[in-house]
Amino acid sequence: RLDTTDPDPEGRYGRRVELGSPALKSIGLHMNRMAAGTLTRRTRTTTNQIVCVAEGTGTSNIDGEEFTWERGDILAIPSWRPFEHRIITDATLFEMSDEPLIRAMGWLRTTD
């Protein structure tokens with residue numbers, strides 16, 4: 001499904017599919033695929049995210065701090081901290097977030 005999905009038009013997630021709708025009432029699960037050379041759009045959101053690197057390499061800037069990652073690494077992106085990803089080699093990222101819960105409470109905000 002990732003290979004046939006159009007890239008995110010806002011430039012935040014690359015090719016993205018949801019695993020379930022949502023998989024759980026309080027947790028959203030997504031797979032994101034991005035090509036080498038991609039720099040995602042800087043984003044701030046009220047959701048908390050955990051990103052597991054399934055394949056590839058890159059760096060992420062989270063709240064001004066740079067993190068280098070590769071397959072097997074895990075990133076925690078706290079609520080309202082700006083983040084962006086720079087993809088070095090083609091990457092697939094598994095993302096878990098509390099977006100369904102935050103959305104249901106009416107607290108979801110996303111900005112650059």
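The values are calculated or read from the model by the stated rules, or taken from the named source; none is laboratory data. All values derive from a computational prediction rather than experimental measurement. Don't worry about glycine lacking a Cβ; one is built from the backbone with ideal geometry, like all the others, and counts go over all protein chains shown. These accessible areas exclude ligands, DNA and RNA; they are computed on the full protein's heavy atoms, side chains included. Shrake-Rupley method; radii C 1.70, N 1.55, O 1.52, S 1.80 Å.
Please find, within the stretch 89-112, the residue that is nearest to Ile27 (Cα to Cα) out of those that are assigned to a loop (DSSP other than H, G, I, E, B) and free of Cβ contacts under 8 Å to residues at least 40 places away in the same chain.
Met105
Go through Arg86, Arg81 for me and flag whichever is of a type in the set (Lys, Arg), assigned to a strand (DSSP E or B), farther than 24 Å from Arg1 by Cβ and open to solvent by 80 Å² or more (accessible area, probe 1.4 Å).
Matching residue, one of Arg86, Arg81: Arg86.
For the stretch 88-106, check the following and say yes or no: at least one residue is at pLDDT below 95 and of a type in the set (Asp, Glu).
Looking through the stretch 88-106, at least one residue is at pLDDT below 95 and of a type in the set (Asp, Glu).
Of all residues in the stretch 35-78, which are over 18 Å from Ser97 (Cβ atoms) and either part of a loop (DSSP other than H, G, I, E, B) or charged (D, E, K, R) (or both)?
Selection gives Ala35, Ala36, Gly37, Thr38, Glu55, Gly64, Glu65, Glu66, Glu70, Arg71, Gly72.
It is to be established whether one or more residues within the stretch 56-75 are on the phi < 0 side of the Ramachandran plot, in contact (Cβ under 8 Å) with a residue 60 or more places away in the chain and under 12 Å from the mean Cα position of the chain (by Cα).
Scanning the stretch 56-75, I find no residue that is on the phi < 0 side of the Ramachandran plot, in contact (Cβ under 8 Å) with a residue 60 or more places away in the chain and under 12 Å from the mean Cα position of the chain (by Cα), so the answer is no.
Report, ordered by the first and then the second residue, all pairs with beta carbons closer than 6 Å, sequence separation of six or more or different chains, a first member in the stretch 35-48 that is open to solvent by 30 Å² or more (accessible area, probe 1.4 Å), and a second member that is of a type in the set (Lys, Arg) and not in a loop (DSSP other than H, G, I, E, B).
That search, which allows pairs on different chains as well, returns Leu39/Arg86.
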